[in-house]
Amino acid sequence: MSTDALPSFKHPPVVETVLGVQFEPIRGFTNAHLGAFWQTLGLDWPNVADAPPLEQQFEQFGDERTWGPLGLQLKLTSEPSSRLQIRNKLNDRMIQVQNGRFHLNWLGQTGGEYPTYKNVRPEFDKLFSRFCAFVKDQSFGDMRLNQWEVTYVNHIPKGTLWNAPSDVPSVCLLFTNPPLLPMVAGPESLSGAWHFEITPKQGRLHVEIRHGRRTMPDDKEILIITLTARGPLNAGTLDCHAGLDLGREVIVQSFAALTSEKAHQNWGPK
């Protein structure tokens, strides 16, 4: 499908996106190499922090099918490996890099307007190409990519489209109104997770919806809708760029399909 034909909104509720690839861990690639890569980025990327490494994840099908966990999962290990989180000066981009992963996050929780995929994808391509060149310059050779991943996080504040958890079915069509239960009031909170194959066996879409609270830019209850698409990068499958494009298309179409017309009008269809 042409990207021009995808659903879009003037004021989408997206507050964060992640474009990423997973690769086979490189023997001998250490935390020192991660720090050296950060130094190559220059003054535009001044802020860095350590984080626990993420697990390798694989979407499989048929007899080997396993449900991959949602989002980015921490890896608890005794190995002295790390994940660097490198933020730019404006604090609206974050590179996450470890031995086995490379991600670029757009961060909009402080109110920034989403710059759209057509602008973020070239940024990812440029930064990931830079990392690949760094790895090769360190005499490690070419990386062996094994999975692509795209995540969109959406926040819908209380008081906009909903005021109580019982209103959520009028916003998100994956939920239905729960029956009235004896001796209890209506639901105080809710959550749910759904998993869908991206046919034919190109990947999987994970949808997680939960009721939560944010602290920035204000203290407010929110409905959090997270969509993660990911799929394999092996012989006979999509390449990295086609995988990211597919993941974005599946997420955008699915988000429009699982939210109500009432919500679409609130966000302003283009």
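Rule-based calculations on the coordinates, nothing more; no lab input. Please read these numbers as outputs of a predicted model, since none were measured by experiment. We place every Cβ from the backbone using ideal geometry, glycine too, and count neighbours over all the protein chains shown.
General observations
- The set of residues in the stretch 195-231 that are among the hydrophobic types (A, V, I, L, M, F, W, C) and under 20 Å from L174 (Cα atoms) comprises F196, I198, L205, V207, I209, I222, L223, I224, I225, L227, A229.
- None of N163, N146 is touching a strand residue (DSSP E or B) at 6+ places or on another chain (Cβ under 7 Å) and either within 27 Å of I209 (Cβ to Cβ) or outside any helix (DSSP H, G or I) (or both) except N146.
- Residue list for the stretch 161-195, filter: surrounded by fewer than 16 Cβ atoms within 10 Å (Cβ to Cβ), closer than 24 Å to A256 by Cβ and β-branched (V, I, T): T176
- Within the stretch 6-62, the set of residues being within 21 Å of H206 (Cα to Cα), in a loop (DSSP other than H, G, I, E, B) and among the polar types (S, T, N, Q) comprises S8, Q56, Q57, Q60.
- Residue list for the stretch 1-50, restricted to those being under 17 Å from the mean Cα position of the chain (by Cα) and among the small types (G, A, S): G20
- Take the conditions (1) under 25 Å from G108 (Cβ atoms); (2) surrounded by 14 or more Cβ atoms within 10 Å (Cβ to Cβ); L233 misses just one of them, which is (1).
- Yes/no for G100 being at positive phi and loosely packed, with under 15 Cβ neighbours inside 10 Å: no
- Residues of the stretch 204-218 that are outside any strand (DSSP E or B) and either touching a residue at least 24 places away in the same chain (Cβ under 8 Å) or touching a strand residue (DSSP E or B) at 6+ places or on another chain (Cβ under 7 Å) (or both): M216, P217.
- Residue match in the stretch 176-189 (condition: more than 16 Å from P157 (Cβ to Cβ) and under 20 Å from the mean Cα position of the chain (by Cα)): no
- Filter result for R248 (closer than 30 Å to V21 by Cα, among the basic types (K, R), surrounded by 15 or more Cβ atoms within 10 Å (Cβ to Cβ) and in contact with a Phe, Trp or Tyr (Cβ under 6 Å, 6 or more places away or on another chain)): yes
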